[in-house]
RNA sequence: GUCCCGGUAGCUCAGCAGGAUAGAGCAUCUGAUUCCUAAUCAGAAGGCCACAGGUUCGAAUCCUGUCCGGGACGCCA
């Protein structure tokens, strides 16, 4: 719809104009303040310019009225256009709010360490990544989702050691001391019991078995993480193991060397990341020859770029922001276009409990599990909560408030709108096929506004995807639902002389809501 | 010290590629159901958009500075 309008406007106004939506629909469906910017060049008052411009649109069928108001140029779409579009949408629901962008995108997100279950802080990036993917795919982008498993570092050894100690303490009943850096928490004890079952209790008697426990623990945790994700309807296309990448290290290292990206100092290998804007050079191989975490990421990104995508999106926690410069520098050293790599930071989620700050630590074992929150409020509420806030802003919420979110939950509000439409259809005993060809002539303003707002979905999705701001989708759905509820209260559908027309408008609204909800992973209920 | 994010209604937040009267939800108060589900609607109240300058016909939005809050600045991952 917006595309059609833009085309027509370009014809008369040239390329350079701002198309916006008026605050109040009574002004019109679209508007442009172009007269203000032309006023200076033409040395005429904006009012006069707007008057003149409006005349150019007299013969455009798409508009019912083009009106100059205090310098603004307001456009009102014609019934005919709205009607034709409604018929098209109802007959081709799959084509509505879909597009054929063919960019190939690799989307990496979550990538939490396999050393414990997902906690509430991981949930934000997870939900954002998943919905971004769903929306992108609807718009035609070819998106592959990927989870990078950090299964190569010290933390995996620590996991094994923690299970080992938990086994000694809980199964062999020995007393052990737990230094700070170990993983605590019930899940470690569970793992110890599980390991005892799998390998026998004797495994905790010999420190040589720690490595075995590490691998066991890591695999168990990956399974747990996958099931945590599935609870919130998230599945990944692929998983990449950091460890498995290291066989390509020599090859990547040669590449870095030949691109003059590294040097040796103090027995260590450094990346010249300052050359591309990093604060300081970074060690990638330690004195004892063990590669650092950055080395793994360099191989990983080399691997990603070799796979030939048009764009690479990583969703990282905001605590990684200092890391962006060095990874981008590495990508550049590897000879790739670092502008294709886009990092979305999802800011910290701070939790309050009864008004008091609630500190989480995986190692201390006091963290709120994502799966616990899902049990408490459901996957949909969890998704909605994170999706309705910008990702790059700090988010604070109280765990106790979260639990009591019931009828004030905006999800119900939106679902109820969808359900109401469905019920009206059921009562009317008509189907979409029955009314999709009804002529929408002489529509009242209320139904026109509802129809128009329902048609906004495509441009909302496109905007939300391109600016990576998914809260625009939840906001839109809320406002569309509000309009529907208002309409419902003011107009009776069944039995009215406009019944069929209203049903047609409702059908479009329901379709918009349904598509919108699907894309954020929430069910559009037919009955509540 | 450097860098990132933020400061908008009592609370949680939208709005920020400059544009018409600054919005929503929650909380508070008043009203609406003989009729398609009241999980709804209508209305009231609530704001020096942190502060100070600047750019502009026009600034919550852009620029500079200040203050306040959160986070990051490992050869941890």
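Pairs are defined by a Cβ separation below 9 Å, a sequence spacing of at least 6 or placement on different chains, a first member in the range A:90-119 that is free of Cβ contacts under 8 Å to residues at least 12 places away in the same chain, and a second member that is surrounded by fewer than 16 Cβ atoms within 10 Å (Cβ to Cβ); the pairs so defined are A:95/A:88.
Return yes when residue A:179 is more than 13 Å from RNA strand B (Cβ to nearest atom), in a loop (DSSP other than H, G, I, E, B) and closer than 24 Å to residue A:351 by Cβ and no when it is not.
On the way: more than 13 Å from RNA strand B (Cβ to nearest atom): yes; in a loop (DSSP other than H, G, I, E, B): yes; closer than 24 Å to residue A:351 by Cβ: no.
The answer is no for residue A:179.
Which of the residues belonging to the range A:154-175 are in contact with a helix residue (DSSP H, G or I) (Cβ under 6 Å, 6 or more places away or on another chain) and either under 14 Å from residue A:313 (Cβ atoms) or within 16 Å of RNA strand B (Cβ to nearest atom) (or both)? First the steps, then the outcome.
Looking only at the range A:154-175, we keep the residues that are in contact with a helix residue (DSSP H, G or I) (Cβ under 6 Å, 6 or more places away or on another chain), and these are A:156-157, A:159-164, A:166-168, A:170-172, A:174.
Passing the criteria: A:156, A:157, A:159, A:160, A:161, A:162.
Name the single residue that is nearest to the chain's Cα centre (by Cα) among those in the range A:199-238 being surrounded by fewer than 13 Cβ atoms within 10 Å (Cβ to Cβ) and within 25 Å of residue A:132 (Cα to Cα). So the residue we want is A:235. Among the numbered conditions (1) over 19 Å from residue A:230 (Cβ atoms); (2) away from RNA strand B (no atom under 15 Å from the Cβ); (3) touching a residue at least 60 places away in the same chain (Cβ under 8 Å); (4) in contact with a strand residue (DSSP E or B) (Cβ under 7 Å, 6 or more places away or on another chain), the only one that residue A:151 does not meet is (2).
Of everything listed in (1) buried (at least 19 other Cβ atoms within 10 Å of the Cβ); (2) within 14 Å of RNA strand B (Cβ to nearest atom), the single unmet condition for residue A:83 is (2).
Consider the range A:404-413. How many of its residues are farther than 16 Å from residue A:386 by Cβ and either more than 8 Å from RNA strand B (Cβ to nearest atom) or at pLDDT below 70 (or both)?
First, pick out the residues of the range A:404-413 that are farther than 16 Å from residue A:386 by Cβ: A:404, A:406-408, A:412-413.
In the following step, the residues that additionally are either more than 8 Å from RNA strand B (Cβ to nearest atom) or at pLDDT below 70 (or both) were identified as A:404, A:406-408.
So the count comes out to 4.
Among the numbered conditions (1) modelled with pLDDT under 90; (2) in contact with a strand residue (DSSP E or B) (Cβ under 6 Å, 6 or more places away or on another chain), the only one that residue A:390 does not meet is (2). Among the residues of the range A:281-297, the ones that are in a loop (DSSP other than H, G, I, E, B) and over 27 Å from residue A:110 (Cβ atoms) come to 5 in all. If you go through the range A:370-392 and keep only what is more than 11 Å from RNA strand B (Cβ to nearest atom) and more than 19 Å from residue A:477 (Cβ to Cβ), you end up with A:370, A:371, A:372, A:373, A:374, A:375, A:376.
Of the residues in the range A:242-257, not one is outside any helix (DSSP H, G or I) and more than 9 Å from RNA strand B (Cβ to nearest atom). Scanning the range A:1-56 for residues that are more than 12 Å from RNA strand B (Cβ to nearest atom), surrounded by 13 or more Cβ atoms within 10 Å (Cβ to Cβ), within 36 Å of the chain's Cα centre (by Cα) and outside any helix (DSSP H, G or I) yields a count of 1. Take residue A:278 and tell me if it is touching a helix residue (DSSP H, G or I) at 6+ places or on another chain (Cβ under 7 Å), more than 9 Å from RNA strand B (Cβ to nearest atom) and not in a loop (DSSP other than H, G, I, E, B). So residue A:278 does not fit the description; no. Quick check on residue A:466: is it under 27 Å from the mean Cα position of the chain (by Cα) and surrounded by fewer than 18 Cβ atoms within 10 Å (Cβ to Cβ)? In short, yes. Would you check which residues across the range A:325-337 are touching a residue at least 60 places away in the same chain (Cβ under 8 Å) and surrounded by fewer than 19 Cβ atoms within 10 Å (Cβ to Cβ) and list them? The answer is A:335, and nothing else.
For residue A:95, are the conditions met, namely being more than 30 Å from residue A:301 (Cβ to Cβ) and in a loop (DSSP other than H, G, I, E, B)? Walk me through how you get there before you give the answer.
Values: more than 30 Å from residue A:301 (Cβ to Cβ): yes; in a loop (DSSP other than H, G, I, E, B): yes.
Against the criterion (more than 30 Å from residue A:301 (Cβ to Cβ) and in a loop (DSSP other than H, G, I, E, B)), residue A:95 qualifies.
Considering the range A:298-323 alone, what residues qualify as being assigned to a helix (DSSP H, G or I) and more than 9 Å from RNA strand B (Cβ to nearest atom)? Even if it seems obvious, please write down each step before you answer.
Initially, the range A:298-323 is screened for residues assigned to a helix (DSSP H, G or I), giving A:298-306, A:318-323.
Across the range A:298-323, the qualifying residues are A:298, A:299, A:300, A:301, A:302, A:303, A:304, A:305, A:306.
Based on this model, can you work out whether residue A:264 counts as over 32 Å from the mean Cα position of the chain (by Cα) and not in a helix (DSSP H, G or I)? Considered against the rule, which asks whether it is over 32 Å from the mean Cα position of the chain (by Cα) and not in a helix (DSSP H, G or I), residue A:264 comes out as yes. Can you name the condition, by its number, that residue A:118 falls short on among (1) within 30 Å of residue A:207 (Cα to Cα); (2) modelled with pLDDT of 95 or more? Going through (1) within 30 Å of residue A:207 (Cα to Cα); (2) modelled with pLDDT of 95 or more one by one, residue A:118 breaks only (2).
Of the candidates A:303, A:297, the single residue that is within 30 Å of the chain's Cα centre (by Cα), closer than 20 Å to residue A:246 by Cβ and loosely packed, with under 15 Cβ neighbours inside 10 Å is A:303.
The values are calculated or read from the model by the stated rules, or taken from the named source; none is laboratory data. Computed from a prediction, not measured in an experiment: that's the story for all the values here. Neighbour counts are summed over all protein chains in view; Cβ atoms, including those assigned to glycine, are modelled from backbone coordinates with ideal geometry.
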